[in-house]
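**Q** Just dropping this structure here.
The values are calculated or read from the model by the stated rules, or taken from the named source; none is laboratory data. None of these values were measured; they are calculated from a predicted model. FYI the Cβ positions are ideal-geometry reconstructions off the backbone, even for glycines, and counts take in every protein chain you see. What goes into the accessible areas is simple: the full protein's heavy atoms, side chains included, and nothing from ligands, DNA or RNA. Shrake-Rupley method; radii C 1.70, N 1.55, O 1.52, S 1.80 Å.
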Amino acid sequence: MDLISSELNQCLRQASGKTLWLVDENIQLSLSARQDIDVIGNRFDVIERLEASGWQAQFSDFDLSGCPNGEYDQVLYRVSKEKPVVHYLISGASRLLKPGGTLTLLGEKGEGIRTYVRKAATCLGSERQEQKLGGDSWRADIVRAKQTGECPPDQDYTELRPACEDTRQQYFSKPGLFGWNKIDRGSAFLIEQLPEMLGQSLPLTGSVLDLGCGFGYLALNACGAESTLVCTDNNAAALKACRYNLDQAGLNAQVQASDAGDQVSGTFQTLLCNPPFHSGFAVDGDLTDRFLKAAQRLLDRNGTACFVVNQHIPLESKAQGLFRDIQLHADNGQFKLVRLRHPLTP
């Protein structure tokens, strides 16, 4: 267990009074659930695991609107990957803490923890107490003063906004999901080649699953009124943006939270996937395997799964034993497209 996870576990053990844990996706726990600690997080897999262990955990896009002002004695937060999320939650902690309550921040120097701590001290109107845990890992405790100060800008974190566009349409998105303000080049490559990969024109007919949908780019460009569409993602902000974009486009679709498709049932004639390979600040090599196994389970025996991955991901070898037909369709030097057919029985 890394230093920050160890310190977080210690903080959770020692928490007293009314405590809120703003849970980041980077967690390792070594303690039993505490019913007296409220938990809010925006990653479905994390909340799913915590709930299964007995924690009172809420999955949302860090929706703090239901928490009254001055409710908490302590807020615990291991800083997230994206700056607007951290700024938004620092501001939220300032509102939720009682005067004299404490915001505890944990993080690595390379993640910007020292800067975040200074901004939090200004926002909460008090001095900070910092502790180097070892290496580049830090902990800081900031007490909320009666008179708070200016909080860091969060880019209107909670609001969807026009984020990017192409010749076909405009896409709404928001901070809180990876690549929120751009069209992913791998996904664009997949859409460009998709008719050839499938041997049919767009929009698709029949049942379609967008596995790891983000703000919905693949679904929006591949599907139409004749598609029976399901979009799923692990990130609450992604689900919010995807739902909005599909509604704007007039597409009838189910948008569902899941961890690499674990909550999705049935089978699909077409499966589209641009799987992530980062989990928080770290590269997670198991993510690709989990998406492939989900595709094996969810693809109709006569269906086609179309994956786009970074060139260095050995998707073809990882798919061995899961699919009978594995074809590299295209490689543009940065991304490759792999077509999978005939899933083997798990």
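**Q** Test each condition in (1) at positive phi; (2) crowded, with 16+ Cβ neighbours inside 10 Å; (3) in a strand (DSSP E or B) for residue 342 and report the one that comes out false.
**A** All conditions are met except number (2).
**Q** Do we find a residue being free of Cβ contacts under 8 Å to residues at least 60 places away in the same chain, among the acidic types (Asp, Glu) and closer than 30 Å to residue 177 by Cβ anywhere in the stretch 93-110?
**A** Checking the stretch 93-110: not a single residue is free of Cβ contacts under 8 Å to residues at least 60 places away in the same chain, among the acidic types (Asp, Glu) and closer than 30 Å to residue 177 by Cβ.
**Q** May I pose another question? Does residue 61 qualify as being of a type in the set (Asp, Glu), open to solvent by 70 Å² or more (accessible area, probe 1.4 Å) and within 27 Å of residue 178 (Cβ to Cβ)?
**A** no
**Q** For the stretch 199-231, enumerate the residues that are in contact (Cβ under 8 Å) with a residue 60 or more places away in the chain and either within 21 Å of the chain's Cα centre (by Cα) or under 20 Å from residue 42 (Cα atoms) (or both).
**A** Those that are in contact (Cβ under 8 Å) with a residue 60 or more places away in the chain and either within 21 Å of the chain's Cα centre (by Cα) or under 20 Å from residue 42 (Cα atoms) (or both): 209, 210, 211, 212, 214.
**Q** Further question: Collect the residues in the stretch 95-123 that are touching a helix residue (DSSP H, G or I) at 6+ places or on another chain (Cβ under 6 Å) and either modelled with pLDDT under 95 or open to solvent by 10 Å² or more (accessible area, probe 1.4 Å) (or both), keeping them in residue-number order.
**A** The one that is touching a helix residue (DSSP H, G or I) at 6+ places or on another chain (Cβ under 6 Å) and either modelled with pLDDT under 95 or open to solvent by 10 Å² or more (accessible area, probe 1.4 Å) (or both): 116.
**Q** Being within 30 Å of residue 239 (Cβ to Cβ) and either modelled with pLDDT under 95 or crowded, with 18+ Cβ neighbours inside 10 Å (or both) is the filter here; which residues of the stretch 138-154 pass it?
**A** Once the filter is applied, which keeps residues that are within 30 Å of residue 239 (Cβ to Cβ) and either modelled with pLDDT under 95 or crowded, with 18+ Cβ neighbours inside 10 Å (or both), the stretch 138-154 yields 151, 152, 154.
**Q** Surrounded by fewer than 19 Cβ atoms within 10 Å (Cβ to Cβ), more than 22 Å from residue 291 (Cα to Cα), out of contact with any Gly (no Cβ under 7 Å at 6 or more places or on another chain) and among the hydroxyl-bearing types (Ser, Thr, Tyr), is that true of residue 201?
**A** yes
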